[in-house]
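As structure tokens, the structure follows; a few thoughts come after it.
The values are calculated or read from the model by the stated rules, or taken from the named source; none is laboratory data. All values reported here derive from a predicted model rather than from experimental measurement. Surface accessibility is based on the protein's heavy atoms, side chains included, excluding ligands, DNA and RNA. Shrake-Rupley method; radii C 1.70, N 1.55, O 1.52, S 1.80 Å.
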Amino acid sequence: MGSERDTPLDPDAEVIIPGSGLSMVDARLSLADADHRGTITVVSRNGLLPKGHRELAPTSMDAADVPFGSSLPYFLRWFHDLADDIERDGGDWRSLVDGLRPYNQRIWQSWSTHTRRQFLRHLRPRWNIHRHRLPPELHERMDCAVARGRVQLVAGEFLDLERHGSGVRAVRPRGTRERRIMDVARVYDCGGVSVDVSASSNPVVRELVANGSARPDVLHIGLDVDEHCAVVDADGKPSRHLLAVGPLTRGRFFEIEAVPDIRVQCAGIAKQILAQH
Ligand SMILES: Cc1cc2nc3c(=O)[nH]c(=O)nc-3n(C[C@H](O)[C@H](O)[C@H](O)COP(=O)(O)OP(=O)(O)OC[C@H]3O[C@@H](n4cnc5c(N)ncnc54)[C@H](O)[C@@H]3O)c2cc1C
């Protein structure tokens, strides 16, 4: 966040951050490290902060234990029951989340498009805060900042952005019709990577979609790729030369944000290329 081209920020100025995930935490820490003292309003639809990490052994799980291809309500019940059992035995839900990790791509791919869509609509923010956790000391710093009112969490929708003097931003708190106008010095966009690839801030991705060499995946959360990561063009044909890795391929793989997963994906692609030549 921030750049050398930024105008200086008054240390007492109020700022707003759309997004309450890891990028927001990064932005907030950079501001705190630069001795910023103004109130930071964090707006996200759910107003949820990432959970704190703990070093724990993942729950040992066999593929046969995982209900691949089930409905979302069934899967949720299974997950909650298991988490309850683990906690009742003195364990921690984090072990379950981490134990499931090797199966997450298979779980995602076993779901119908309808189930994936339901998951994205209703569960994704909740999943993200449990899956992508903060180091304990950062989590404590964030909690402390919220408790002291330095960070104000708003569950709501970031509506609009207008220039008015130092700036006016409009927010609608969840469950209300109210339109709250906030006068802030700066907005740090931490709302995540643009999911609509045709409007991507990356000119390469945008151009590939515009000229038909690529297309969004069916859920519009990345680029359409085949099982070998070949980019699928506007006519549905996988490219022989263009491959995509990482979060851009989340429509097919979903659990493809963290570097260890991307590393495995890249190694697979490297093998594939070597085999072709
Ligand atoms: C705040 C935050 C914390 C995270 N923490 C962790 C963590 O602790 N552990 C973990 O495993 N993962 C973490 N992640 C996730 C991980 O960093 C990302 O998923 C991963 O970096 C994505 O890799 P990528 O190669 O797809 O994209 P990036 O890492 O974003 O790399 C893209 C690169 O391409 C370059 N580029 C883009 N467009 C062009 C262009 N047109 N011309 C030239 N170059 C270009 C960019 O400058 C950049 O260097 C975190 C993510 C965030 C946002």
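Worth pointing out:
- Accessible area per residue in Å² at 1.4 Å probe, computed on segment 197-276: 55
- Principal-axis tilt of helix 113-122 within the chain, Cα atoms, nearest 10 degrees: 20
- Comparing D217, D261, D160 in a Gaussian network model of the chain where C-alpha atoms under 10 Å apart are linked, the largest mean-square fluctuation is found at D160.
- Within the chain, helix-based [θ] at 222 nm, where runs of 4 or more DSSP H residues each add -39,500 (n - 2.57), nearest 500: -11000 deg cm²/dmol
- Extended-chain gain in nm, criterion 0.36 nm per residue less alpha-carbon gap, H80 and T176: 31.5 nm
- Accessible area of segment 41-94 divided out per residue, in Å², using a probe of 1.4 angstrom: 59
- Here the accessible area is traced with a 1.4 Å probe on the protein chains. For the chain, carbon and sulfur cover 50 percent of it.
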